[in-house]
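Working notes for the structure below.
The values are calculated or read from the model by the stated rules, or taken from the named source; none is laboratory data. Please read these numbers as outputs of a predicted model, since none were measured by experiment. Cβ placement follows ideal geometry from the backbone for every residue including glycine, while neighbour counts extend to all protein chains displayed. All accessible areas refer to the heavy atoms of the entire protein, side chains included, with ligands and DNA or RNA removed. Shrake-Rupley method; radii C 1.70, N 1.55, O 1.52, S 1.80 Å.
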Amino acid sequence: MLAFMVSREGNSTPTRRNPGSQSALRQLNRERIVQALAAGPATQAELSRTTGLSTATISNIVKELERDSMVHTAPTTSSGRRALQVRLNADNSVAVGIDFGREASTSLVLGHHAEHGIAMAHDLMERLLRENGLTHGDVIGVGIGIPGPLDRRSHTVAHGAVLPEWVGIETEARLREALGLPVHIDNDANLGALAEATWGPYGGAENLVFLKIGSGIGAGLIVNGAPVYGNLGITGEIGHSTIDDRGAVCRCGSRGCLETIASTTTMIEQLSRNEPGPVTTRSIISGAREGHPATLRVLDDAGLAIGHALGTVANLLNPEVIVVGGPLAELEELLLEPIRRGILRHTIPMVGASTALTVSSLGERAEALGAAALVFRKPASAKK
Ligand SMILES: [Zn+2]
């Protein structure tokens, strides 16, 4: 599946980022304000309400954005009081977010998937720009999500990816060439985390875990306001945490990984044994809602295992919130309840009790939104 998100943003400017968490958090806040302004001009008080940021923070960041020519400000009155209206610079630029999901690759199995996928991305992007009356010149960059680990040294998709056909391909270079624009790629779970931390209801959280449950299970980690990439760029591989030492052999070569218990693929396999018809993610959702015992049991086992793995993560990072995404997220409490039980069982009480657990409100757009956020985080020097 390809998902595109175009969001208007002011002129991209060089960002003066330091590795410190303060500046990473500031960058997130900056993105939130720009995104809020994409809906139209607003006073600083209104920006404070829509973003949840303090008026002092808004005022500081607006000054910075104005200095960078990203916004214009003008005095106005609001409810009879003097206020400052902020609007994006008229000379808009655009970030494009693309998310490559597994669905596209499975339907492309007989072709050269990666190349076919790249061609599809190109066609969709061109159509989208045309429909919005935009040209390449308006685009500051394209952010792209890949459902699997990315080796940041070589910019290639690493082994263990859900898209085996992309392994070893210099994705970033190939996409840059095909799209004719600056390209930034990241793992889809990292982008989900970035989207939630930027635009989700927990946008103010400095420490956030995004967990995507699908045919694979991956996590994106935001710590002290910045995504965590580790040494190779391969972080958040929670799907390969061992839950059962003697469990089924996993595609990674280990045994009893979380994915072998709780991925949608595993749930479908388990439920298919006694079902006459085909089991799909949709039928799991409807079965759970109708109280189908086997479906509820499989969900309960999966949720407890996910909670077990997340409990370790919560003990290590003490996040404000864990956001669950992926196709089953629409089950909301039916999915969260066993996960919460698992977390509480495997965390120290203070951590378990203080970690909020929620489903993603950004839905299928999360990764594409994160891909656009990724572009906004990159310095303008990346522009050709
Ligand atoms: Zn594994």
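Taking the criterion of being on the phi > 0 side of the Ramachandran plot and in contact with a helix residue (DSSP H, G or I) (Cβ under 6 Å, 6 or more places away or on another chain), would at least one residue in region 334-347 satisfy it? Explain how you work it out, then say what you get.
Initially, region 334-347 is screened for residues on the phi > 0 side of the Ramachandran plot, giving none.
Scanning region 334-347 turns up no residue that is on the phi > 0 side of the Ramachandran plot and in contact with a helix residue (DSSP H, G or I) (Cβ under 6 Å, 6 or more places away or on another chain).
So residue 115 fits all but one of (1) at pLDDT 80 or above; (2) in a helix (DSSP H, G or I); what number is the exception?
Result: residue 115 passes all but (1).
For residue 208, which of the numbered conditions (1) open to solvent by 10 Å² or more (accessible area, probe 1.4 Å); (2) more than 16 Å from the ligand (Cβ to nearest atom); (3) under 16 Å from the mean Cα position of the chain (by Cα) fails to hold?
(1)
Within region 215-254, how many residues are open to solvent by 30 Å² or more (accessible area, probe 1.4 Å), within 8 Å of the ligand (Cβ to nearest atom) and touching an Asp or Glu at 6+ places or on another chain (Cβ under 9 Å)?
So the count comes out to 3.
Residue-by-condition table, conditions (1) basic (Lys, Arg); (2) within 16 Å of residue 258 (Cβ to Cβ); (3) crowded, with 18+ Cβ neighbours inside 10 Å:
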position: 311; (1), (2), (3): no, yes, yes
position: 319; (1), (2), (3): no, no, yes
position: 327; (1), (2), (3): no, no, yes
position: 333; (1), (2), (3): no, no, no
position: 345; (1), (2), (3): yes, yes, no
position: 368; (1), (2), (3): no, no, yes
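Can you name the condition, by its number, that residue 300 falls short on among (1) among the acidic types (Asp, Glu); (2) open to solvent by 50 Å² or more (accessible area, probe 1.4 Å); (3) within 30 Å of residue 348 (Cβ to Cβ)?
(2) is the only condition that residue 300 fails.
Is it true that residue 316 is under 19 Å from residue 238 (Cα atoms) and without any contact (Cβ under 8 Å) to a residue 12 or more places away in the chain?
Numbers: under 19 Å from residue 238 (Cα atoms): yes; without any contact (Cβ under 8 Å) to a residue 12 or more places away in the chain: yes.
Considered against the rule, which asks whether it is under 19 Å from residue 238 (Cα atoms) and without any contact (Cβ under 8 Å) to a residue 12 or more places away in the chain, residue 316 comes out as yes.
Only one of these is touching a residue at least 60 places away in the same chain (Cβ under 8 Å) and not polar (S, T, N, Q): 169, 217, 185. Name it.
Working: 169 fails: touching a residue at least 60 places away in the same chain (Cβ under 8 Å); 185 fails: touching a residue at least 60 places away in the same chain (Cβ under 8 Å).
Answer to the selection: 217.
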